[in-house]
Amino acid sequence: MQRPPTLAALACAAALLLTACGGDDKDTESPTTPAGVTAQAGSATSVHVMWDQATDNKAVTGYEVFQKGAKVKAVPATKSMVDIDRLSPKTAYSFTVRARDAAGNLSKPSPATAVTTPAPTPEDKQAPARPAELRGKVDGGRAVTLGWGKAADNIGITSYDIYQEDSRIHSVSGTETTARVTGLRPGTVYTFTVRARDAAENSSPDSNSVDLTTASAPGNDAPSTAPTDLKATARKGNVDLSWTPPRTGGPVKEHQLFLNGKLATTIVWGAAPPAGTAAYTIMITDKPGTRYSVKLRAKLPDGKWGDFSAQRTVVVR
C-alpha cells in the first residue's frame, strides 16, 4: 500500500513547480545610472561628490562612489552627496557613482568626473568673509535657484557650501555664485544660507538667510499652517522673538518653540491670543558666542500641530 505524501514532500513539490513555472520573483533588473555627477574640491585634502537620484523597478537602496574603480564610499538612498576625505593635495582624481537596489543589482557606472585638489595653505587660520546678498527663486515644487555675492579671503575661496537649517546640502566651486537645489518637497518652506570655504577648511560666517516656499502639489491648495515672518534678536541674557501666527480660521492659542531642533518650551497665551504679530522672550544663560537655531510651530484649532516656520539663527551676546 502506497503511503500518502508528507507535508514536507508536498511543500518541496510546490516549490519546484513554482520555480519551473517561473514563479521565482527574483529581481534581476539594475537601477538606472546616476546622472549629473559632479566633484568639487572642498579643501586640499577633500572632495565633495554629488549626483542626481537614480530610479529602479522596485527601489534604490543606496549608492557607491568609486575612485578609479575602487569603492571609497557607500551611502543610503536618501543621500545624493558625500565628502571624500584624506586625499592628497595638488592631486588629480576621478570619481564615478553606481546605484544599488535591495537585490544587490548595481547600475552601470556614471561617466567619470575629474577633479584636482588644490595646493595646501599651511598656517592659514583666517576665515573668508561672509557671502553677501543671498537671494533665491522657486523653480516649481521641487527645486530652487540661489545666488549670492562673492566672498573675500586672504588666499582664495575654494568652494561655497549651501546650508538648509544648519545642514550642508550642496557645494559649488569657489568661482561660482549660483546653485540649483533639487529634491525638495512641494508646498514646503525652506531656509537657506551660504558659507564660503578656503583650502585650509576655514569657513565663513553664514550669509543672510533666505526663505523660499516651493509650489504646492496639484490639487493641494490648502493654506499654509506655518508661522511666518519669524525674527530673532539677541540681547544680553535674552533672545527676543516675533512672528505672525498662521491664519487657520480660528484662534491659535499655543506655539511650540524649538532650539537647535529640540523642543524647548510651549508658549500658551493666558488670555486671548494676540492679534497680528506675536512676541516672546527667551532667557539665555549660555556664554556669549553660543549659537542657536530657532523655529516655531502652532497648535491648530483642530488640536493638531501645524508646519514649522522658517528657521532663524542667532548668536548669544
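Quick notes on this structure:
- Of all residues in region 194-218, those being in a strand (DSSP E or B) and in contact with a Lys or Arg (Cβ under 9 Å, 6 or more places away or on another chain) number 6.
- Verdict on VAL316 being farther than 27 Å from GLY141 by Cα and either touching a residue at least 24 places away in the same chain (Cβ under 8 Å) or over 29 Å from the mean Cα position of the chain (by Cα) (or both): yes
- Between THR158, THR193, THR214, THR177, the distinction of being farther than 28 Å from ASP307 by Cβ and touching a Phe, Trp or Tyr at 6+ places or on another chain (Cβ under 8 Å) belongs to THR177 only.
- The residue that is nearest to ILE169 (Cα to Cα), counting only those in region 24-45 that are at pLDDT below 90 and acidic (Asp, Glu), is ASP27.
- Scanning region 275-300 for residues that are within 26 Å of LEU212 (Cα to Cα) and part of a loop (DSSP other than H, G, I, E, B), we see that the one that is nearest to the chain's Cα centre (by Cα) is LEU300.
- In region 179-186 there is no residue that is over 18 Å from GLY136 (Cα atoms), in contact with a Gly (Cβ under 8 Å, 6 or more places away or on another chain), surrounded by 15 or more Cβ atoms within 10 Å (Cβ to Cβ) and not assigned by TED's automatic domain parsing to the domain that holds ALA310.
- Given (1) in contact with an Asp or Glu (Cβ under 8 Å, 6 or more places away or on another chain); (2) surrounded by fewer than 19 Cβ atoms within 10 Å (Cβ to Cβ); (3) within 23 Å of MET81 (Cα to Cα); (4) not charged (D, E, K, R), number of the condition GLY156 does not satisfy: (3)
The values are calculated or read from the model by the stated rules, or taken from the named source; none is laboratory data. Quick caveat: nothing in here was measured; it's all calculated off a predicted structure. Backbone-built Cβ (ideal geometry, glycine too); neighbour counts: all protein chains shown.
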